[in-house]
Every structure is written in structure tokens, then in C-alpha cells.
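Values quoted throughout were computed directly from the atomic coordinates according to the rules given, and no laboratory measurement underlies them. What you see is a predicted model; the values in this text were computed from it and never measured. Here Cβ is always computed from backbone atoms with ideal geometry, including for glycine, and neighbour counts include all displayed protein chains.
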Amino acid sequence: MIIVSLLLVLLALLGAPLFAVIAASAMWGFANTDVDLSVMGIEIFGLAEVPILLAIPLFTFAGYLISESGAPRRLVRISNALLGWLPGGLAMISLAACALFTAFTGASGVTIIALGALLYPALKEAGYKESFNLGLVTSAGSLGLLFAPSLPLILYGVVAEVSIDSLFLGGILPGTLMVVMLAAYSFWVNRHNRAEPGKFSWIEVRDSLWEAKWELPLPVVVLGGIYGGVFAVSEAAAVTALYVLIIDVLIMREVSLRQLPRIMQESMVLVGGILIILAVSLASTNYMIDSGVPDKLFAMVEALVDTRFGFMVALLIFLLVLGAILDIFSAIVLVVPLILPVAQGFGMNPVHLGIVFLAAMQLGYLTPPVGLNLFIASFRFEKSITSIYVATLPFLLILAVSVVIIAFWPELTLYFLRD
Amino acid sequence: MAEQQSGIIARLDRLGRLVENSMLVLLLTSMILLASSQIILRNFFDSGFVWADEVLRILLLWTAMFGAVAASRQNRQIAIDVLSRFLPGRWNSLAMTLVQFFTAGVSGLIAWHSYRFVNDSRIYEDLLMGDWPAWIFQSVIPLGFALIAYRYLVFGLASASRVIRGKRAIA
């Protein structure tokens, strides 16, 4: 049994697709407990029994489409018009714009490609230091994970069977904390940068808003609709996809009909990659729960740490390591079913666990050796990966502090959830 | 991969890609239109299709399977892959061969066992959406995994031939 597990881990580290590794472990487990393996078919068909999953392809497609349009440029222009007159304003613009963009496009690295490419030269021109700019753009690329309607939040809700609406509410303050802390740091680093801030102009504000008139209603309708209880999440996703499709292809015509099949196909490849892991995980999770793995895990953890404080410390260390080796989607699907019962055993609220989990995984985008954002930034800005490590480090440390705050201050997450 | 094959296999491969891409576009478009019209019908006309939710969930399953098949065609399945980049030439190819045959084997097993599930469902005449046989919609599962197994088998054979010729893996 142990040999098989080690073998599977080795295969995973050698680059075997995760779905195959997970499926193999589930089938091995079922076979050993004399369960007929046709159960795999039943479990995978379970994908068709979770209505909320519909939100995943729809939001992903909308996100891909948005990033191919002129929306990133317009978003930067509006932010610039509103905040550009502040000293350090451009850095804050970058953070705010990236967070909003990531929330809608789902943290698959498109933020760095679509927005970073606009912000990086702008920051340079405004007299910010090279390494600061690189670090800012790289770390901002996954900021906003905690804001609705980000994909990882939805996936956590599905896996943990927690209401997505509560997760959306729970993410507001912790997500804001992360943005504010990075903004404060940017402000402080650039306090001697007397680069002349832009002037505030009502005309520019008006023009930039007018230019984005088609996109502006989107966050309002989607977020208002979800938080206001008008739409279910998957309905909001459908509205978003249809709306973005109509404005980008038919009204503004920034994406041609000819490009559309490629964008659809690319986004659905990502969706297929995520959902196939989810599908086989449904099987492996059921096997593990049947054989009492979470209980054993809880007993084991309880033997090691006996306080909630100790558990939280252990959890954070575990999540940091996890985030450095696994991508966020696989980590949610694989690990959440196991640690959720343990965390609840220590009296942790599932919404709080989700926010801590995602916040910690966000650091994983920036930690060597496999942090996705590091590679994308290195590739996109043609800098060595080591220079990106160095540039990102201060931002990483600040985000780490924010994760600790989020973990040990549950009221921050649960503030909007009090009855 | 396709350049190395010739004749009928290459043509089948191109046809397969075309079918997968068209299916993905078709499935996604139907999901967007059906889900949106459902919202419009409900909010403005106080009606809707009773079967819509079930159809949407089936569309999702199909999208997931076709997307996963397309992901394996570009070898773009989500993987960790921290060790192999440190392996030198031939060892790298060897690791790739191992991993790809393993993936082909696992996918083949899932395809076979989910085929048995679908077959049972056909024998017991399970129904979906009122009176449609469920097996028609479920058969995408064995079909998808069989295609994934086939793709990885082809990858594995190509990597194995590189091991034999002593070259570094390409994928």
C-alpha cells in the first residue's frame, strides 16, 4: 500500500497528469476493498449532478474573452483618471485594477499577460524603480482571488459544500486587507519618489468612463445581482458570458467572429483540465471518506497539536508547502475534503477555512520553484527568473503577513456573515 | 506528433481535432444560450423549460470530457512536473515514456470500467430528462477516456522511440 502511494507520488513529480495519479489511487483503493470499479463511471457522472459547476466554463470563457478585448486598456485608463493624481497613485491603480481583473478572469495568469503588459511600461515611465515594478506586477497577478466571482472561490464552495454566497461575502474584507497592505507598502517605498503625479481632470474621468460605458455595468450587475440575491452564481455566469460576448463581438467588435472559436476552445481546454481532476477526485474522496481517512488524519493531527492555535500554525505551514507544488485548482479538489473535517474538529468555520486556504494558495503563485506567476512574468517581461524572485520577495513577505492576519483573525472573514 | 505520422492516421488525427474543436464551440454556445434564455424566460415571462437544468448539467459533463480530451492532445493536462526538468537527456525521455504509458493505462482502465457502468445503465433502462435513455448521455465518459488513453499511448510510443534513439523528449 505504502509502496504504491510512493510510486504514485513519484509519477506525479515526474509530470504525470494529476487526474491520472488521482484516478489510479482511487481505483487502487476501491480494488483493495472489493468495490466494483464501475463505480468510477458513477462518480465521474457526478459532474452532471452539481448545478453550480456550470459557472466554471461560463466565467472562464467570459474571462478569456475580456482579456482579448480592449477592456484591460480601458480599465487602466479609468483607474488612472481617478487615482493618477495621487503620489504613488499608479502603483495603487495597478493593484486595484489587477484585483478586479483577476476576480473576473480567474487567476489563470491572464492578469499578468493582459494588464501587466500595460502597467509595467507605465510604471517605468512614471519613475518607479525597475525591480519594484516587476515585483508589483508579478504579485498583483493573483491578487483578487478572494473577490467574487473568482473561480477558486466557486470551486472551494463546490468541494466543501459551503454556500458560495457566504464565501463571496467572507472574501471581501480579507481580500481588501491584502490590497491595502500592498498599497501601503507601495506608498511607503515610493515616498521619496517625487515623480510628478498626473493632474486630476474631470474631462479625462468623463471620457475614460464613457469609453468603458459598455463594460462598466458588468461588475455592478454581476456583483449586485449575486450579493443582492437576484441571481444564483451560475446564472450570473451565464449573464456575464452572454453580455461579454455581445459587447465584444457585436457592439464594439474588438474580437472578430473568426477569433471566437479559438478563444472558446482555449478556455474550454482549461475547464476540461480542471473538471477532469474534479471528476476523478469525487471518486478518490469518496473512497477516502469511506475508509475513514479524515478521522484518522484528525486523530493524527490531534496527537501532534492540541490547541486551535497550534493547528492553525500547522495548517499555514502545510498550505504554504502545498501552494508551492500544486496549482490552486488541484489543491482545492484534492486537499479540501481531507482537511475540512479536521479543521471543523478544531472548531474552524468552513468559510474561514476557505478564505485562509485560498489566501495561502495565492502565495503559492509567487513561491519558487513552481510559482506560476513567476514563470509567466519572466516569460512576458523577458527577465531572468532569479531577478523575478528577488523583485517579488518583499511583496511575498507582505502577503504572507496578511495571510497570518487572516488566519488568526476569523472575525475579519466572518464579519459580513453574522446574523 | 502529427507531422511524423503519415496517411490515414494523420488524416484521422486532423479529423479528430476538428470534431473536438467544433464540439467544444457547439457545447459552450448551447450552454450560454440555454442558460441565458432560461433566466430571461423566468424573469420576464414567468416561464421556462422544465428540462433546461438537466440539459445544462449534461452539457457541462460533455464540455468537461471534450475539454479534457483536447487538453491531452496538446499534452496540457494539469501536472506538477518538478523533477523531470532536472533530468538529463535520455533519462528525461525515459521518465516521459513511463509517465505517458502510465496515463494511457489509467485512462484505458477508466474507459473500460465506465463503459461497464454505461452498459449497466443501458440494461437497466435508466432514464434522464423524463424519457431519454441515460446511457446515450453517459457514453461520453468511456469515449472521452478512451480517446485520452489513445493520445497518451501515441505520446508514449513517440517518447519510447526517443529513448531508443537516445534523444531528449520533446513534449
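Between B:F86 and A:K213, the simple label model (points 7 Å from Cα in the Cβ direction) yields a spacing of 5.8 nm. Translational diffusion of the range B:26-82 was estimated from the Stokes-Einstein equation, with Rh taken as the Kirkwood radius over Cα pairs; at 20 °C and 1.002 mPa s the coefficient is 163 µm²/s. Note on A:L397/A:E125: beta-carbon distance plugged into 1/(1 + (r/R0)^6) with R0 of 25 Å gives a FRET efficiency of 0.40. Along its three principal directions, the equivalent ellipsoid of the range B:56-171 from the Cα gyration tensor extends over semi-axes of 36, 14, 9 Å, largest first. Using a Förster distance of 51 angstrom, determine the FRET efficiency expected from the C-beta separation of B:D46 and B:L15, and round it to 0.05. The computed FRET efficiency comes out at 0.65. Given their separation in residues at 0.36 nm each and the Cα-Cα distance between them, A:F309 and A:D295 gain 3.0 nm when the chain is fully extended.
Distances over 17 Å make up what percent of all Cα-Cα pairs in the range A:226-282?
57 percent
Legend: Rg and Dmax of the protein assembly as shown, from Cα coordinates, 24.1, 77 Å.
Enumerate by residue number the trypsin sites (Lys or Arg not before Pro) in the range A:112-214 meeting two conditions: DSSP loop (anything except H, G, I, E, B), and at most 11 other Cβ atoms within 10 Å of the site's Cβ. Don't skip to the end; give the middle numbers.
Details: sites: A:K124, A:K129, A:R191, A:R194, A:K199, A:R206, A:K213; in loops: A:K129, A:R191, A:R194, A:K199, A:K213.
Listed in order of number, the matching sites are A:R191, A:R194, A:K199, A:K213.
Compute the FRET efficiency between A:W202 and A:R73 as 1/(1 + (r/R0)^6), taking r as their Cβ-Cβ distance and R0 = 35 Å, and round to the nearest 0.05. It comes to 0.95. Full extension of the chain segment joining A:S384 with A:R418 gains 7.5 nm, where the gain is 0.36 nm per residue of separation less the Cα-Cα distance.
As a rough footprinting exposure proxy, the listed residues A:W202, B:W132 were ranked by other beta carbons within 10 Å of their own, and the order from fewest upward is A:W202, B:W132.
For the residues A:M268, A:M1, B:M31, what sequence is obtained by ranking on other C-beta atoms within 10 Å, fewest first?
Ascending Cβ contact count within 10 Å gives the list A:M1, B:M31, A:M268.
Take each residue of peptide A:225-238, count the partner chain Cβ atoms within 10 Å of its Cβ, and average: the result is 2. Shape analysis of the range A:56-193 based on the Cα gyration tensor places the equivalent ellipsoid semi-axes at 27, 17, 11 Å, largest first. If you build a Gaussian network model of chain B, linking Cα atoms that sit under 10 Å apart, which residue out of B:I136, B:I39, B:I80 swings the most? With Cα springs under 10 Å in chain B, the top fluctuation among B:I136, B:I39, B:I80 is at B:I80. Once the Cα atoms are used to define both axes, helix B:52-73 deviates from the longest principal axis of chain B by about 10 degrees.
With contacts taken as Cα pairs under 8 Å and at least 6 residues apart, chain A reaches a relative contact order of 25 percent.
Could you tell me which of rounded, prolate or oblate describes the range A:238-372, using a ≥ b ≥ c as the square roots of the eigenvalues of the alpha-carbon gyration tensor, with rounded for a/c under 1.5 and, failing that, prolate when a/b is larger than b/c and oblate otherwise?
prolate
Take each residue in B:93-103, count the other chain C-beta atoms within 10 Å of its C-beta, and the mean is 4. For the range A:330-359, backbone nitrogen atoms closer than 11 Å to the point 7 Å from A:I52 Cα along Cα-to-C-beta are found at A:351.
Could you tell me the distance between the Cα centroids of the range B:131-148 and the range A:173-187, to the nearest Å? Between the Cα centre of the range B:131-148 and that of the range A:173-187, the gap is 48 Å. Cross-link reach is defined here as a Cα-Cα straight distance under 21 Å, omitting same-chain residues fewer than 8 places apart; for A:K199 the lysines meeting it are A:K124. Take each residue in A:6-13, count the other chain C-beta atoms within 10 Å of its C-beta, and the mean is 4. 3J(HN,Hα) couplings calculated from phi for the range A:260-266 with the Karplus curve 6.51 cos²θ - 1.76 cosθ + 1.60 (θ = phi - 60°) are, in sequence order, 4, x, 5, 5, 4, 5, 4 Hz; Gly and Pro show x. Placing pseudo-labels 7 Å out from each Cα toward the beta carbon at A:E161 and A:R191 gives an inter-label distance of 5.2 nm.
Among rounded, prolate and oblate, which fits the range A:10-122 when a ≥ b ≥ c are the square roots of the eigenvalues of its C-alpha gyration tensor, a/c under 1.5 means rounded, and a/b larger than b/c means prolate?
Working: a/c = 4.18, a/b = 2.66, b/c = 1.57.
Prolate is the answer for the range A:10-122, as a/c is 1.5 or above and a/b outweighs b/c.
Relative to the dominant Cα principal axis of chain A, helix A:89-105 is inclined by about 40°.
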